[in-house]
Amino acid sequence: MSSKTIFKSGEPVSNKTALSNYGGHWRYAFFAAPLAAIGIPIYIHAPKYLLDTYGFSLTALGIIFLGLRLIDVIQDPFLGKLAQLIGKYRQLSILFFIFLLISSLWFFFAVEPFFNTFAYVCLTLFFMFTAFSYISICFYAQGIKFVEAQSDRSHSHLSAWRETGALIGIITACLLPSALEYLNVDPMRGFAFVVILLLIIAYFVMKGSWNYGTKDPVKDYTIFLLLKDKTTRGFLILSFLNASPVAVTSTLFLFFVEARLRMPELAGLFLITFFVGAAISVPFWGKLTSKYELKFVLSIGMTLAILTFMFTCLIGPGNFPAFFIICIISGACLGADMSILPAMFARHVAKTKFDNSVAFGVWNFFNKSTLAISAGLILPALAATGFHSGTNHSNTQLLSLTILYCFVPCILKIIALLTLNFGPIERNKN
């Protein structure tokens, strides 16, 4: 039997049929948009939303997000294993987890707590994290199967489509609350409604594309054996280090704009600028990866990110032009991270004996552990200086915020760059 034969429901089908079943690249871009949009309130708005709405302290927020994200991180490899075990019922499992995701999103942002507030928040966030993780793991794992059915087998091509869709979703998520507030609609409740509607549409766009097929006897489904592979381990460590700077800045972004820059009303604009920069840059990075080796192009993006963010510490209150430019350039660097590194890992997994779902479950574990560590260490460290929401802070508090927001991410990015170039990551093109 040809190595390019695809299995569906236990029966071999041709590549042509598989392509028809899987749909085009645009389906992945469309589905990525609302899925990524949900990530904005989960990872950026939630801490400050809880601080302003329910009056939680920074220490309490640190405990909540450290605990929930640790659970979220630990369960990811097992969710990947679950996706593999479910096999041919994956389509049904996706429907269940989408229902869980939209329900928890609505209860978190649109429904007043009807029992203990702390427990209510933790429970809704837990379900939100779990559903988001499972769908993301299946989505990225399915991308490998889709690429294997293509004639060019270009992981970077699919990644460019998928991450462009994700960035469009993120930009939409940044614009929505302000637009809804302008229309006198509750911003977070309206946001939840719109994103839920888009996610339901996206499910039907991707319906029929979640084909797992039969269990391949050649594939290895053991998490611990995956971790023993030197190159795979190198990718996972790199993903952790490279995601850490974004985790830190995402956690502190709203506080930095409000306290250091004293432009809280422009936070939405800065976020949009950042992600627009990322979206615009993806085709540019795609062009470079078609001509140059992936590792080299990613190194350029990471180096540019370090140089750009070093200037952030020099920006004072009200310096809109400088921070606006930094948002554009650092956003473009994020475009490289989002489109190139997952493509490199997907290409590596496709060449190994490891199952796609299990591999991306572990990949998510390393990526999202940075968010848990950031929430558990950064927020309490900032709280230890007496920092609070608002604009009235001492010089010591502002200095602590600047060090955590500017210098720590740069140091982490430098370590990631060294790991990329001196670690066991193979060189490959496209």
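The values are calculated or read from the model by the stated rules, or taken from the named source; none is laboratory data. Computed from a prediction, not measured in an experiment: that's the story for all the values here. Don't worry about glycine lacking a Cβ; one is built from the backbone with ideal geometry, like all the others, and counts go over all protein chains shown.
Worth a mention:
- The number of residues in segment 292-315 that are outside any helix (DSSP H, G or I) and farther than 25 Å from residue 157 by Cβ comes to 1.
- Test: residue 173 is of a type in the set (Gly, Ala, Ser), touching a Ser or Thr at 6+ places or on another chain (Cβ under 8 Å) and buried (at least 19 other Cβ atoms within 10 Å of the Cβ): no
- Residue within segment 109-127 that is assigned to a helix (DSSP H, G or I), in contact with a Ser or Thr (Cβ under 7 Å, 6 or more places away or on another chain) and among the aliphatic types (A, V, I, L, M) present: no
- Residue check for residue 289: assigned to a helix (DSSP H, G or I), over 21 Å from the mean Cα position of the chain (by Cα) and farther than 16 Å from residue 160 by Cβ: no
- Hits in segment 329-376 - residues which are free of Cβ contacts under 8 Å to residues at least 60 places away in the same chain, surrounded by fewer than 22 Cβ atoms within 10 Å (Cβ to Cβ) and under 20 Å from the mean Cα position of the chain (by Cα): 329
- Taken together, 335, 318, 376 contain a single residue that is modelled with pLDDT under 90 and not in a helix (DSSP H, G or I), which is 318.
- Any chance residue 106 is under 19 Å from residue 196 (Cβ atoms) and either among the small types (Gly, Ala, Ser) or surrounded by fewer than 18 Cβ atoms within 10 Å (Cβ to Cβ) (or both): yes
- Hits in segment 223-267 - residues which are in contact with a helix residue (DSSP H, G or I) (Cβ under 8 Å, 6 or more places away or on another chain) and modelled with pLDDT under 80: 223, 226, 227
- Scanning segment 302-324 for residues that are surrounded by 15 or more Cβ atoms within 10 Å (Cβ to Cβ) and among the β-branched types (Val, Ile, Thr) returns 306, 308, 312, 315.
- Some residue of segment 382-400 being surrounded by 16 or more Cβ atoms within 10 Å (Cβ to Cβ), within 27 Å of the chain's Cα centre (by Cα) and farther than 23 Å from residue 53 by Cα: yes
- The set of residues in segment 104-153 that are out of contact with any helix residue (DSSP H, G or I) (no Cβ under 9 Å at 6 or more places or on another chain) and modelled with pLDDT under 80 contains only 152.
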